[in-house]
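For reference, the structure is listed below as C-alpha cells.
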Amino acid sequence: MLRMIAVGATCVAAMMGPVCAGSASDVLDRVNLTRLVQVMQQEGLEYGADLQSELLQGRGGDEWTGIVGAIYDPVQTEASFRARFDDAMPAEHVDDVLAYFDTPLGAQILALEISAREAFVDEAVEEASRAVWIGLEADKDPWLEKIDAYVDSNNLIESNVEGGLNASLAFMTGMLDGGAFQGEMTTSEMIGEVWSQEPDIRNDVIDWVMAYSTMAYRPLSDDDMDSYIAFSQSEAGRAYNRALFTAFDTVYNDISHALGQATAMMLTQQEI
C-alpha cells in the first residue's frame, strides 16, 4: 500500500531542455487511486457504523449514514489526495517511479496491493491473513525476512502509528469544535488521551501491516521482493513513499476532524 532496480528517466528533449513526460497524477493513476478511495469509503462506512454503535448508542439512522458517506465522498477524497500528493511528490523523481511501475513486475505489485486492500474490507479475510502471518512467524519462515525488510525500508510501522495518533487527535479536536466536551477538555488533555492509545494503535498497526503485506506480496518470488525493496530504498522510492504518507495523513486528518464534528453534532441533537 505504501511505498532499485536501476531505472532511467523518460524525459524527452525539447528546445528549452529536457521535459519530463510524467506527472504526479500519472503516478496516482498507476496505483489505482480511484479504486483505492472507493475502498476507503467502504472502510469509512464501517467505521461510521462502529461510531454509531459505540458513541451514538445506535441512534442516527439514515441521517448518520448519509453524513458519513458524504465525509468519505470518493470524488472529493480523490481530488484532495491528488492535490496533496502533487504538492509532496518531487517532480525530479516522478519518471523513475513511473519507469518502475510500468515494468511487468511493477504493474503486478500494484495490482496485488489494491487487490489485497479490497479484500481486507471483509473482516473474515483480514483475520485469515493475520492467522497466516502468525503461522509463518511461528514457523520462522525465511520469506518473512523479505517482508520485514520491506516494512523497515518504508518505515511502515512508525509512519502508520504516527498517522493513527494524528487522526485520533483530529477526531477529538473535531469533537471539541463541535461542542461535545462543552469546553471541559483542554488541548493538552486531548493530547494526553491520544497518547494513552499509542500501545493499542501500535499493536493494531503491526497486525494490520504484517497481515496485509503477507497477503499482498505472498505471490512474489524472493527476487521480486528484492527488486521492490531496492526500489523502496532508492531516492525515487523514498520520495514516493513520503509523498504517499503526506497525502494520506492530510486526507485522513481532514476526514477524522469532520467525523468528530459530525459525531458531536449528533450527540448534541440527542441531548436536546
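The values are calculated or read from the model by the stated rules, or taken from the named source; none is laboratory data. Worth saying up front: this structure is predicted, and the values here are computed from it rather than measured. Cβ coordinates were reconstructed from backbone atoms using ideal geometry, including for glycine residues, and neighbour counts include every protein chain displayed. Quick note on the areas: whole protein, heavy atoms, side chains included, nothing else; ligands and nucleic acids left out. Shrake-Rupley method; radii C 1.70, N 1.55, O 1.52, S 1.80 Å.
So, in region 193-216, how many residues would count as being over 28 Å from PHE120 (Cα atoms) and at pLDDT 95 or above?
Within region 193-216, the first condition is being over 28 Å from PHE120 (Cα atoms), and the residues that meet it are 193.
Among the residues that remain, those that are also at pLDDT 95 or above are: none.
Number satisfying all stated conditions: 0.
Inspect all residues belonging to region 218-229 and state whether any of them is among the small types (Gly, Ala, Ser) and within 18 Å of the chain's Cα centre (by Cα). Talk me through it step by step, then tell me what you get.
Start the filter on region 218-229 by keeping residues that are among the small types (Gly, Ala, Ser), which leaves 221, 227.
Next cut, within 18 Å of the chain's Cα centre (by Cα) only: none.
No, that holds for no residue.
Please go through region 25-51 and pick out each residue that is farther than 20 Å from ASN253 by Cβ and either among the small types (Gly, Ala, Ser) or assigned to a loop (DSSP other than H, G, I, E, B) (or both).
SER25, VAL31, ASN32, ALA49
Yes or no: region 150-157 includes at least one residue that is open to solvent by 40 Å² or more (accessible area, probe 1.4 Å), among the small types (Gly, Ala, Ser) and within 22 Å of GLU235 (Cα to Cα).
No: zero hits.
Just to be sure I understand the filter: pairs with C-beta atoms under 6 Å, separated by 6 or more residues or on different chains, first member in region 183-211 and farther than 30 Å from ALA149 by Cβ, second member in a helix (DSSP H, G or I). Which pairs pass?
Cβ pairs passing all conditions: MET190/MET172; VAL194/LEU165; VAL194/SER168; VAL194/LEU169.
With region 52-111 as the region, which helices (runs of 4 or more DSSP H) entirely inside it contain at least 3 residues that are surrounded by fewer than 16 Cβ atoms within 10 Å (Cβ to Cβ) and of a type outside the set (Phe, Trp, Tyr)? First the steps, then the outcome.
On the way: elements: 61-71, 74-88, 91-101.
Output list reads 61-71, 74-88.
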